[in-house]
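The values are calculated or read from the model by the stated rules, or taken from the named source; none is laboratory data. In this text, all values refer to a predicted model and were calculated from it rather than measured experimentally. All Cβ positions, even for glycine, are placed from backbone atoms using ideal geometry, and neighbour counts span all protein chains on display. Quick note on the areas: whole protein, heavy atoms, side chains included, nothing else; ligands and nucleic acids left out. Shrake-Rupley method; radii C 1.70, N 1.55, O 1.52, S 1.80 Å.
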Amino acid sequence: LPSNAAAGPPADLLMPATDKVPAELEPTGPLAEADSKKRLTVLVVDDDALILMSTALMGEDLGHKVMEVNSAKQALDILNNGEQVDLMITDFSMPKMNGAQLAEAAKKLRPSLPVLLATGYAELPQGADSGLPRIGKPYQQCQLAVAISAALENNAR
């Protein structure tokens, strides 16, 4: 250090001698369970660019291929074009067509498509409760992993 630099407390930096993760540091719980599941192609629909990007990054971090669109029309175009989609995650509150309406239209095109509804509402407006699995906004990656698994299980019934 230069003579005029203030020295802080000493710090130890530990670097692993191997790339093998010790068992006690292996992920557990929902993230580990999601990691062991099939990799999905997920269509994420949200008119809020920040939430869209955040959800897409979380999905990719979980190992899924993510397609991002910011409108129901774009989502329906993808489904109409026959692109591979294993799961759709859609915001509820969007202009022109809300997430429940989008889910209904998507189910007409692909009846077996699992749909996860993301919403910041504690309760959906009257008449909008579609019975779809939901995840409350804001959500973390582990919550998203659990909600994806629940949507897939719900759809399998």
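Against the test of being over 24 Å from Cys142 (Cβ atoms) and not in a loop (DSSP other than H, G, I, E, B), the options Ile78, Ile89 yield a single qualifying residue, Ile78.
Filtered by the rule that a residue be open to solvent by 60 Å² or more (accessible area, probe 1.4 Å) and within 18 Å of the chain's Cα centre (by Cα), region 75-92 gives a lone residue, Gln84.
Candidates in region 93-114 are the residues that are crowded, with 18+ Cβ neighbours inside 10 Å and not hydrophobic (A, V, I, L, M, F, W, C); of these, the one that is nearest to Met53 (Cα to Cα) is Gly99.
The residue of region 22-59 that is nearest to Pro95 (Cα to Cα), among those that are at pLDDT 95 or above and open to solvent by 90 Å² or more (accessible area, probe 1.4 Å), is Leu50.
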